[in-house]
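Reviewing the structure listed below.
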Amino acid sequence: MNTREGITGHDDTLPGRLLRQGHASDPEKGTVPLNKMLPQYYRLRGYDPNGIPTKTTLRRLKIV
């Protein structure tokens, strides 16, 4: 449904504060490395590099 509506990996993000500001309880004040995490997430979910489910994934989920 999301793909049909034009939503892609370009739309995958987090709130800006998670990407720019570290949490007060984190001694290193680390931020979320979203650019490194998304490709791994897509691979694990069976998506292509653009965040779109692959045909194999769609068949496995019996969507097509």
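What follows draws every value from the coordinates through simple rules; no lab data is involved. Not measured: the values here are computed from a predicted model. Cβ sites come from the backbone with ideal geometry, for glycine too, and all protein chains shown count toward neighbours.
Looking only at the stretch 6-17, which residues are surrounded by 11 or more Cβ atoms within 10 Å (Cβ to Cβ) and closer than 25 Å to GLY46 by Cβ? Show your work before the answer.
Applying the first criterion (surrounded by 11 or more Cβ atoms within 10 Å (Cβ to Cβ)) to the stretch 6-17 yields 7-9, 12-14, 17.
Selection gives ILE7, THR8, GLY9, ASP12, THR13, LEU14.
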Practice item. Give me a count of the residues in the stretch 5-31 that are in contact (Cβ under 8 Å) with a residue 12 or more places away in the chain, of a type outside the set (A, V, I, L, M, F, W, C) and in a loop (DSSP other than H, G, I, E, B). Key: 4
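Of a type in the set (A, V, I, L, M, F, W, C) and more than 16 Å from the chain's Cα centre (by Cα), is that true of ILE7? Working first, answer last.
Working: of a type in the set (A, V, I, L, M, F, W, C): yes; more than 16 Å from the chain's Cα centre (by Cα): no.
It is false that ILE7 is of a type in the set (A, V, I, L, M, F, W, C) and more than 16 Å from the chain's Cα centre (by Cα).
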Exercise for review: Out of ASN35, ASN2, report the one residue that is of a type outside the set (Gly, Ala, Ser), free of Cβ contacts under 8 Å to residues at least 24 places away in the same chain and in a helix (DSSP H, G or I).
Suggested key: ASN35
